[in-house]
1. What number of residues within region 159-174 satisfy the criterion of being open to solvent by 20 Å² or more (accessible area, probe 1.4 Å) and either more than 18 Å from His203 (Cα to Cα) or of a type outside the set (Val, Ile, Thr) (or both)?
2. Among the residues of region 488-510, which ones are open to solvent by less than 80 Å² (accessible area, probe 1.4 Å), at pLDDT 90 or above and in a loop (DSSP other than H, G, I, E, B)?
3. Answer yes if at least one residue in region 220-227 is surrounded by fewer than 18 Cβ atoms within 10 Å (Cβ to Cβ) and in a helix (DSSP H, G or I), and no otherwise.
4. Return the only residue of Val206, Val257, Val232 being more than 22 Å from Ala343 (Cα to Cα) and assigned to a strand (DSSP E or B).
5. Tell me whether region 233-240 contains one or more residues that are buried (at least 18 other Cβ atoms within 10 Å of the Cβ), modelled with pLDDT of 75 or more and over 30 Å from Gly198 (Cα atoms).
6. Considering only region 169-195, how many residues are hydroxyl-bearing (Ser, Thr, Tyr) and either in a loop (DSSP other than H, G, I, E, B) or on the phi > 0 side of the Ramachandran plot (or both)?
7. What's the total number of residues in region 515-571 that are free of Cβ contacts under 8 Å to residues at least 24 places away in the same chain, small (Gly, Ala, Ser) and in a helix (DSSP H, G or I)?
8. Quick one: is Gly122 crowded, with 18+ Cβ neighbours inside 10 Å and not hydroxyl-bearing (Ser, Thr, Tyr)?
Amino acid sequence: MTEAQMLALFGEGRHPDADRIEAQLTAQGYSPDQALASTQLGHAMPVFKAAADDFTPYVDAAFTDFHTAYDRVPSASEASRLRRDAAFEYLRIQPEAGVITTTDVNRFLAEQGGSAKQAVSGFDLVFTPVKSVSVLWGLADEDTSKTIARIHDEAWQASMTAMQEDACVTRTGHGGVLQIDGDGFATAAFDHHTSRHGDPNLHTHVVVANRVQDAQGTWRTLDARAIYAYGVAASERYQLEMESRLTRELGVTFEDVYTARGGQAVREIVGIDKGVREAFSSRTRDIGAHLDALVAEYTTTYGRAPSKATMRRLAQQATLATRPAKESGETLGEQREQWAGRARELLGRRSAVRKMTAGVVAGPRKPAPFTLTVDQVDGLARAVVEDLGQKRARWNSANVTATTERLLRDYLSPNADLKSRMEHFAGGSAAGTLADLEDLDATIREVVAATEHHSIDLSMPDLLNTPDVLRRRDRTVVFGPAHAKWRTSEAVLARETRLLEAAETAWGPVFDAANVDLLSRMRTRPLDEGQLAVARRFIASGRLVDAAIGPAGAGKTTAMKVFADAVNIGGGRVVALAPSAAAAKVLSGEPRGARRDCGEVRRRLHAGSHPRGPTA
């Protein structure tokens with residue numbers, strides 16, 4: 001695709017060959033307006049203007065003063081501090097401002113929202129294999145390298161085909177109330193061979209244009225909600241296709257490799273040296289180090305660990321902050337020579353590099369096609385529902401699809417540890433491995449459909465005999481998004497029932513609420529009424545379960561620290577539970593109370609180690 005075609009489709013919402021088509025029509029006697037209308041795919045791209053506000057000048061002034069003083073652009077942390085200082089100055093001059101606290105500043109900044117609204121011209125989906133695949137592609141002989149590149153193309157195309165089936169929808173009607181089928185994605189694919197640090201990193205950017213035809217041929221914009229919902233499923237499907245095809249055609253095997261960050265397992269090729277794999281992951285190391293610094297700064301500034309949404313924003317910030325300029329053009333052959341030299345330095349000899357790459361490629365497998373039995377499909381469906389129920393209170397079709405793809409790979413893996421849990425559900429081992437599965441797409445859809453028998457539909461029932469014209473391809477009605485049809489399970493509802501019962505059961509420890517008032521008055525900045533209400537409720541209600549809910553920056557952590565101190569004064573102690581050790585540390589404070597991340601507590605309970613004494 002040329003630059004002019006990119007500009008036409010993604011910049012102006014016109015046919016990629018708009019210039020050529022308009023020139024032909026004009027030569028045939030059509031007016032310029034008629035020629036332009038013929039190439040316009042739906043409405044023109046809207047242009048939004050930022051709403052005026054009286055806070056922005058304070059931010060602009062702070063950044064201008066910084067640049068004048070230091071003759072440079074502020075770093076991410078400096079920019080955050082400048083924005084907070086500007087917010088403090090802005091709030092300080094407001095009528096009846098009173099004493100401005102950190103909580104006031106945090107709340108104000110949260111209310112400001114993001115940047116000005118912009119039109120969405122397309123969606124960038126990036127398909128990249130695990131690092132060991134890129135390493136093998138970059139270091140192996142030319143034939144093997146070409147085979148891996150071809151398999152990569154086939155894998156992302158299969159993933160996009162599946163995503164198109166599920167997520168190619170648009171909206172119509174007043175306010176976009178109807179979600180209808182689209183006729184197919186308009187995409188442009190761009191292949192890349194390296195990371196920005198020059199490491200081997202085979203990947204493809206598939207840019208989906210925000211234009212789609214409905215069944216009547218009318219050009220509309222895509223419903224972005226479906227694109228975002230199926231993003232994880234598209235990634236899982238790509239990795240599933242890569243492992244299946246690489247195993248079948250090259251005879252490689254995969255194993256789970258656990259990373260330090262988050263404990264998330266990654267499926268890497270067995271036999272690719274760990275040191276080589278890590279040496280060619282310099283971009284990942286830089287992003288990880290910068291992200292750690294951003295998380296530490298956030299925790300210090302706000303007194304709490306970042307939420308999952310905030311972690312995603314910080315990760316994006318770390319990615320952008322560490323992104324170097326793109327390297328000047330080198331041929332793939334030149335890059336392969338450089339990679340081979342680096343690998344030789346790591347392994348000691350050129351022959352060691354050849355031995356490593358040749359050793360993992362066993363050659364094409366003898367075909368042994370098989371299909372899953374009905375009982376195995378049903379067992380996998382039960383496993384999918386249980387897995388979802390451990391992580392979510394409810395789920396949609398996109399969640400089910402992604403989980404099915406992941407667990408299917410585990411079940412058909414040659415790794416005994418991965419297979420054991422899945423075989424418990426499926427009633428035994430399958431007749432083959434992932435590489436031999438006869439119809440991967442059909443199997444995934446069979447398991448997804450079977451999950452409905454083991455879950456509970458939370459959506460409103462279809463009380464009317466809806467005609468076909470008001471149904472999508474998947475037979476769901478057009479009144480509402482298909483991906484937002486929520487389901488849950490009996491196990492999840494049972495756990496929720498136990499929590500509700502605990503919230504009504506007064507059987508927990510009770511301490512003197514006066515301790516909260518005393519500690520609040522001793523603080524430089526006493527608790528506000530909302531924070532006092534939370535701390536008093538927690539210390540005196542005696543219920544087995546209590547909850548405090550509030551937006552970020554509302555002061556929940558501050559209230560909890562006062563609560564923990566008040567319990568300590570009363571002779572008890574607080575065990576702070578959080579998803580991670582860092583979050584637990586923020587919650588409990590130092591040295592106010594014991595802190596435990598959920599993983600540690602689970603290990604202690606299984607080991608029979610229980611806390612003693614009154615514990616809140």
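1. Final tally of qualifying residues: 7.
2. If the condition is that a residue be open to solvent by less than 80 Å² (accessible area, probe 1.4 Å), at pLDDT 90 or above and in a loop (DSSP other than H, G, I, E, B), then Ser489, Thr505 are the ones that fit.
3. Yes; the residues of region 220-227 include at least one that is surrounded by fewer than 18 Cβ atoms within 10 Å (Cβ to Cβ) and in a helix (DSSP H, G or I).
4. Val206
5. There is no residue in region 233-240 that is buried (at least 18 other Cβ atoms within 10 Å of the Cβ), modelled with pLDDT of 75 or more and over 30 Å from Gly198 (Cα atoms).
6. 1
7. Adding up the residues that qualify gives 1.
8. yes
The values are calculated or read from the model by the stated rules, or taken from the named source; none is laboratory data. Quantities reported herein were computed from a predicted structural model and do not represent experimental measurements. Using ideal geometry, Cβ is built from the backbone for each residue, glycine included, and neighbour counts are taken over all protein chains shown. The area values use the complete protein model at the heavy-atom level, side chains included, leaving out ligands, DNA and RNA. Shrake-Rupley method; radii C 1.70, N 1.55, O 1.52, S 1.80 Å.
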